1. How many nm is it between the label spots at Met44 and Leu154, if each spot is 7 Å from the Cα in line with the beta carbon?
2. Could you check how much of the accessible area of the chain is carbon and sulfur, as a whole percent, using a 1.4 Å probe?
3. Averaged per residue, what accessible area in Å² does the chain show with a 1.4 Å probe, protein chains only?
4. State, to one decimal in nm, how far the label point of Val82 lies from the label point of Phe64, with both points 7 Å from Cα in the Cβ direction.
5. If you average the sequence gap of Cα pairs under 8 Å that are 6 or more apart and divide by the length of the chain, what percent do you get for the contact order?
6. Under the rule a/c < 1.5 gives rounded, and otherwise a/b versus b/c splits prolate from oblate, where does the range 113-190 land using the Cα gyration tensor?
7. Subtracting the Cα-Cα distance from 0.36 nm times the residue separation, let me have the gained length for Lys185 to Ile72 in nm, one decimal.
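The values are calculated or read from the model by the stated rules, or taken from the named source; none is laboratory data. Owing to the predicted nature of the structure, the values given are computational and were not obtained by experimental measurement. FYI the Cβ positions are ideal-geometry reconstructions off the backbone, even for glycines, and counts take in every protein chain you see. Surface areas here come from the heavy atoms of the whole protein model, side chains and all, with no ligands, DNA or RNA. Shrake-Rupley method; radii C 1.70, N 1.55, O 1.52, S 1.80 Å.
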Amino acid sequence: MNFFQGYPRIRLLIFLVAIFIIVQLINSLTAGGLTPFGVVPRTMTGLLGIFFAPFIHGSWGHLFSNLPPFIILSALLLHRTVKAYLLASLFIISVGGLAVWLLGRNAIHIGASGWVFGLWGLLIAQGFLRRKWVDIAIALFVLFYFGTMASGLLPINLYISTESHIAGALAGITYAWLANRYDKKTRLSSLK
């Protein structure tokens, strides 16, 4: 029996990390040939970049700075279900990317940091909104271990897409709020 067969969460994380590495390898071998497929605000081609940008990184250093928090925050969110993780990620990538496309400065926005900040905001917001001990413990861990990420919300470096960080965090918080409302409505309707 294959070790990973019974572990869909681990397989998903390995699959996503493999995509990140393969895309970076292609981008490196083509001297940044994939970079133009990022989010370019207010352009038609940049609109398509909403779904490509999280997987494209400017360098191996850029990728490796995003991978550890991505893996840890993803694993924490995956404590629920793979479906919940995928829905949250799709929302964060779509809504955060659209916000960058609408409001971002004229540049090519690439990298998984918007997704990472979305997971960060979502996990913290879930602790406040859901008020279940597991979610509170995760939120406290995220605040303690990744609290310095808040500095990434400040426009300190011209070459960092602060817009992606802010849009991702807000998308994650929004998703947590919407999911919490949906869960409450579902619980109330089941009581009737």
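1. In this crude spin-label approximation the distance works out to 4.2 nm.
2. Values: 8050 of 10820 Å².
That fraction is 74 percent.
3. Numbers: 10820 Å² over 192 residues.
Ligands and nucleic acids excluded, the figure is 56 Å² per residue.
4. Rounded to a tenth, the inter-label distance reads 3.0 nm.
5. Values: 280 pairs, mean separation 42.6, N = 192.
Averaging sequence separation for qualifying contacts and normalising by length gives 22 percent for the chain.
6. oblate
7. Values: separation 113, 0.36 × 113 = 40.68 nm, distance 3.02 nm.
That works out to 37.7 nm of additional length.
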